[in-house]
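Comments concern the structure below.
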Amino acid sequence: MIEDAVVHVVDDDDALRESLLALLRANKIRCEGYPSAEDFLDRAVWDHPGCVVVDLRMNGMGGEALIRLLARDGDPPPTIVLTGHGTIENAVSTVRDGAIDFLQKPAPNDRMLEAIERGVTLDVERFKRRRAMAELRQRIATLTPRERGILDEMLTGKTSPEIARVLGLQPKSVQVYRSRVLQKMAFATTVEMVRHLLLASAQEWAAPGRAGQSG
């Protein structure tokens, strides 16, 4: 288990919640408990990898609604559903919305710990993706409007002469701008930069509109 991982347990059954928290602490796993989905949304701090273990049926917001709410982020934390009232329909629905496992109460300890370890491992990768996206956004923010326009055209695979025609520039000027873009984006080659950016989510790094002004 990752040392700084935190498991968030959301269950309105006090006895079951405390039992699971005790199991996690006995296995030296950091954890936090919440008696409701609303309490989780109010208090949970997601500054370390981890996962969410959530009861399906609770007073107030239920587990399915919480999972759907977290899924709006587009890259939600791994969620494990724990329930005493689950159906195949519930399982299909929650997995579709992003849950990584669906366990019936009382889940065997080894099964629960295995699911949590898998969730934490997945969240480590999510944290890496988010850090990489934050770095890309910071680099893109350093581009001038003209450099951003050049970057947009580079991502379509256009050559320097083609970019020059589209933006009304001289090819030599485009080459200068391309070099500046690569330098600011901290990539050695255009191919490397384009590959990284196209693998990233366009919604994460794209500006509201295309920039083509001088700068």
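The values are calculated or read from the model by the stated rules, or taken from the named source; none is laboratory data. The shown structure was predicted, so the numbers you read here are calculated from the model rather than taken from an experiment. Heads up, the Cβs are rebuilt from the backbone with ideal geometry, glycines too, and the neighbour counts pull from every protein chain shown.
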**Message:** Quick test for you: out of Arg30, Arg25, Arg43, Arg57, pick the one residue that is surrounded by fewer than 21 Cβ atoms within 10 Å (Cβ to Cβ) and either closer than 20 Å to Val95 by Cα or outside the structural domain of Pro78 (by TED's automatic domain parsing) (or both).
**Reply:** Arg57
**Request:** Give the stretch 32-61 a look and list any residue that's hydrophobic (A, V, I, L, M, F, W, C) and closer than 17 Å to Asp101 by Cβ, or say none.
**Result:** Cys51, Val52, Val53, Val54, Leu56
**Request:** Answer yes if at least one residue in the stretch 96-112 is in a helix (DSSP H, G or I) and surrounded by 16 or more Cβ atoms within 10 Å (Cβ to Cβ), and no otherwise.
**Result:** yes
**Fill in**
Residue pairs qualifying under the 8 Å Cβ cut-off, at least six apart or on distinct chains, with the first in the stretch 55-68 being on the phi > 0 side of the Ramachandran plot and the second being surrounded by fewer than 17 Cβ atoms within 10 Å (Cβ to Cβ), are Gly60/Glu38
**Asked** So which residues in the stretch 12-56 are of a type in the set (Phe, Trp, Tyr), at pLDDT 95 or above and outside any strand (DSSP E or B), if there are any at all?
**Response** Phe40
**Those residues of the stretch 60-93 which are surrounded by 18 or more Cβ atoms within 10 Å (Cβ to Cβ), outside any loop (DSSP other than H, G, I, E, B) and at pLDDT 85 or above, in sequence order** = Gly63, Glu64, Leu66, Ile67, Leu70, Thr79, Ile80, Val81, Leu82
